Every structure is written in structure tokens, then in C-alpha cells.
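Encoded as C-alpha cells, the structure appears first; notes follow it.
The values are calculated or read from the model by the stated rules, or taken from the named source; none is laboratory data. Because the structure is a prediction, the values reported are computed rather than measured. Glycine gets a Cβ as well: all are built from the backbone with ideal geometry, and neighbour counts include every protein chain shown.
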Amino acid sequence: MSFTNQEKSSIAPRRWALRGDLLDFTAAPAWGDTESPAVRFDRDHWLLIEDGRIVGRQAAEPDASWARKDHAGQLVLPGFIDTHVHCPQLEVIGSYGTELLDWLQRYTFPAERAFADPARSRAGAEVFLDALLASGTTSAVVFPTVHKVSAEALFEGAAARGMRLVTGKVLMDRHAPDGLRDDVEQAERDCVDLIDRFHGRERLAYAVTVRFAPTSTPEQLAMAGALCRADASLYMQTHVAENRAEVAWVAQLFPQARSYLDVYECVGLVHERAVLAHGIWLDAADKRLLAERGAQVAHCPSSNLFLGSGLFDWPGAEFNVSLASDVGGGTSLSLPRNLLDAYKIQALRGARLTAWAALHAATRGAAEALRLGGEVGGLSAGQAADLCVWDWARGPVAEARDAAARELHERVFAWMTQADERNLAACYVAGQRRV
Ligand SMILES: [Zn+2]
């Protein structure tokens, strides 16, 4: 069933019910299980929504007091959670011919410099947030730029859309070009002001945002750690162990550190609200530390393949793993496309990623790792009605594949390999239709 533009722009009724094939998770599926008790699939059920929250799910049609949206025959999933993505990098997506450190210099830093202009920051945030929603992503952990105004624009844009968003001004006081460096004192003042104004307001949260170890002085890293220690409700986001040349550079810059991760650990940045992107080149002690601290790695499959960074050892991760697009190193904001790339990475390593482990990491797994499990990542009573409706198949090839599927994992896995943003039929945030 399709909706008119008028329906999209109108405010949803206070109480309404959505019909479709409901799929979410009640626990983490075991690695390799194609049949898992953690999967909750309710074919042709109704989800009951009141004041933007889910209040129930049932097989029976609700009574006449409920308004209805009929998505029978379509797949309903919790909105995806992209745990690592860069707002200012939309226009460098698909840039040719480099690995991480050259790619930053040649493509990324010039694009980020433009966000010093408040109008550019606001326009960039609007396009970016709408593109996330159009990809079926309703929550995200986002890098803006070093400019305070770029974080403000994201917070304001997310609040206007009712989205759950975690972001924070990027800290970067060395090894970056003119126009993209801050200094410790001004950066601290900007962080404190942004935390006061946005952290905990509506569905927004602040992340102390270190770009990566090479672009912050030890003094700036210490300041970032002090911010985290002063308020345990703050998130932290950064990059770690993405590429071998980067790891070697960090070892050169921080000769006293045991490892790349240890640079962050020494200043108190590795904690249960820390989101570290990539984590490809970690050793056994690093992996144990991430698990002990309750931190998570945002696995960025399309980026890792595109930049030739390496093959992430997912089955060997003892720590929380979530899924991320890492646009513009990644080649698509669509998490289904990234899940397919995650499958291919494991196939190259001789392992097999099930649709259940993949989808769990992009929904409930990410929510739990962010300590937001009560709010997002599932279709349970009490959670926000952040959900997406997907066509099971689009076009003759996917339709033939869908029709041939004999059991649920086969059907959902085929969906994961064939679907992208064109399969998105509707996207709701806190019960309001946004796409
Ligand atoms: Zn990144």
C-alpha cells in the first residue's frame, strides 16, 4: 500500500496500528545459526502504536478505536542504527584510487573545510539526515567536522525529525590542514557548550569525538578523556586500527603506548559508551580490553573493502560489534548493502555470516551496545516506534528469488543480498511517517 504526500506530511493519529510481517530479535543469535530462538517473526501481525511508542503486537485486527496502516505482505523491521557515518562526506563517496591516509588528504579534508560556513553545515545536515531516513536508518552515531556549527546543525536537524542521534564536534588539533584544526582550550569550551545545550535534550546525545589518534595532541586526548570521566553519560566516538599504514603511524607518534587502542585507553576514552570504528588490526590484548570495558567496534564493511583496509575478524570478536556505513569511505548509506558486504568479508575469511547475526547487529545489537536497548532496535512494547516497512522484493529477479525461498532464513538472507533503499516502502520515526 502506498501513501499520498498528504499522508506523509500529516501528523499521525495518537493511536494507530500497522499491519505487516514483523521481524526483530529477543537476544543475540548464535554465530552460524540459521535457525535461532532469538528471532521473532510474526507473519501478518499488527503493531500497536500510541503517542509514538509501541504498546503491543498481536495477530488479531485491532478494534475500531485504532487508526490503521495496512502493509500486509511487506516486511517490518526496526529502523536501522548506523553507528559510524560522516555527514560531510556525502560528496566524496566513491572517490577513486586511494587508501585511508591519502584518501583523507586528497578528498575528505577539502570537503570538510567547507562546513566552516554555517549555511553549508545546515544544508549538509538536512541532506544527510533525509538520506539516512531514505535508506531506512532512523538512529545514527555521526561525525560532523571540527567546526562547532556542523555539530549544531546535525543536532538541530535530528531534533526537527525526532531522530535518535549521537554526535559531537570533531577534535583535531594537529596533522590536518588549515581551516580544520582547533586548539585544546577552544575545543574544550565548544564541547562544554554543546553538551550543555544538546546532551540529553529530546533524543540527542553528545559524543566526545576524537577523529583519530594522529590528529590530536596528547594534551587534546587528555582533555577528551577528562570530559568522559566527568560525565559517564557521554558517548565517545573515534577510529581505531583501520589500516596498516595508519597503525604504523600511531606507533611512531605514541612510542610509549602498547598499541593503537592503548593510546585511547591511557586517557580514559575506552568505556561502555565508546564507539570505535573499524578495529581490523587489533591484537588479543586489545580485544580483551574492549570486552572488559564494554566498548563496541563499529564494523564498516563497504568502507573496508573499498579502501582496501582489511578483513574484520567478526567471529573472533569477544566485544560488541555493530554495523556502520562509514560513508564516504563506505560506498552506500544503505545498511542492507553493507550487510551484504559484511557477508562477503566473512566469506573471504572462510566464515559465514547469517542474516540473523547481520540484522541483529544493525538493530538490537547496536541498541544494546549503545545502552539504548529500551528505546530503539526492536518492535517491543515500550520502545519508540522507529520502524521501516520494506518490500520483500523489487523487480523480476528479486521477485523470482523471493518466491523460490522455502524457509525463513533463506528468504531473509536473499532479501539482505538483493535489497537496498529502493525496497523501502515507508519509514516511521517515533510513530511519525518520514519517508
Ligand atoms: Zn570513519
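Please note which strands (runs of 3 or more DSSP E) are completely contained in the stretch 25-133 and include at least 2 residues that are touching a Lys or Arg at 6+ places or on another chain (Cβ under 8 Å) and within 25 Å of Ala419 (Cβ to Cβ).
Values: elements: 39-50, 53-58, 67-78, 80-86.
Where strands (runs of 3 or more DSSP E) fall fully within the stretch 25-133 and carry at least 2 residues being touching a Lys or Arg at 6+ places or on another chain (Cβ under 8 Å) and within 25 Å of Ala419 (Cβ to Cβ), they are 39-50, 67-78.
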Any hit, the stretch 417-434, residues being of a type in the set (Asp, Glu) and over 30 Å from Glu202 (Cα atoms): no
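Which ones in the stretch 250-269 are closer than 28 Å to Ser332 by Cα and either surrounded by fewer than 23 Cβ atoms within 10 Å (Cβ to Cβ) or among the β-branched types (Val, Ile, Thr) (or both)?
Just the residues of the stretch 250-269 that are closer than 28 Å to Ser332 by Cα, to begin with: 260-261.
Across the stretch 250-269, there are no qualifying residues.
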Residue in the stretch 196-210 that is surrounded by fewer than 16 Cβ atoms within 10 Å (Cβ to Cβ) and touching a helix residue (DSSP H, G or I) at 6+ places or on another chain (Cβ under 6 Å) present: yes
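Consider the stretch 317-326. How many of its residues are away from the ligand (no atom under 14 Å from the Cβ), modelled with pLDDT of 95 or more and not aromatic (Phe, Trp, Tyr)?
Going residue by residue through the stretch 317-326, those that are away from the ligand (no atom under 14 Å from the Cβ) are 317-321.
Among the residues that remain, those that are also modelled with pLDDT of 95 or more are: 317, 319-321.
If we keep only those that are not aromatic (Phe, Trp, Tyr) as well, we get 317, 320-321.
Adding up the residues that qualify gives 3.
Considering only the stretch 210-243, state which residues are away from the ligand (no atom under 16 Å from the Cβ), small (Gly, Ala, Ser), touching a strand residue (DSSP E or B) at 6+ places or on another chain (Cβ under 8 Å) and outside any helix (DSSP H, G or I).
Here is the first cut: in the stretch 210-243, the ones away from the ligand (no atom under 16 Å from the Cβ) are 217-234.
Keeping just the survivors that are small (Gly, Ala, Ser) gives 222, 224-226, 230, 232-233.
From what's left, touching a strand residue (DSSP E or B) at 6+ places or on another chain (Cβ under 8 Å): 224, 233.
Within the stretch 210-243, Ser233 is the sole residue that qualifies.
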Scope the stretch 295-315; condition in contact with a strand residue (DSSP E or B) (Cβ under 9 Å, 6 or more places away or on another chain) and within 11 Å of the ligand (Cβ to nearest atom); matching residues: Ala298, Cys300, Ser303, Asn304, Ser309
So Asp190, is it assigned to a loop (DSSP other than H, G, I, E, B) and at pLDDT 95 or above: no
Leu289, sole failed condition from (1) in contact with a Leu (Cβ under 8 Å, 6 or more places away or on another chain); (2) within 16 Å of the ligand (Cβ to nearest atom): (2)
Qualifying position, being within 15 Å of the chain's Cα centre (by Cα), charged (D, E, K, R) and either modelled with pLDDT of 95 or more or assigned to a helix (DSSP H, G or I) (or both), among Arg406, Arg371, Arg401: Arg371
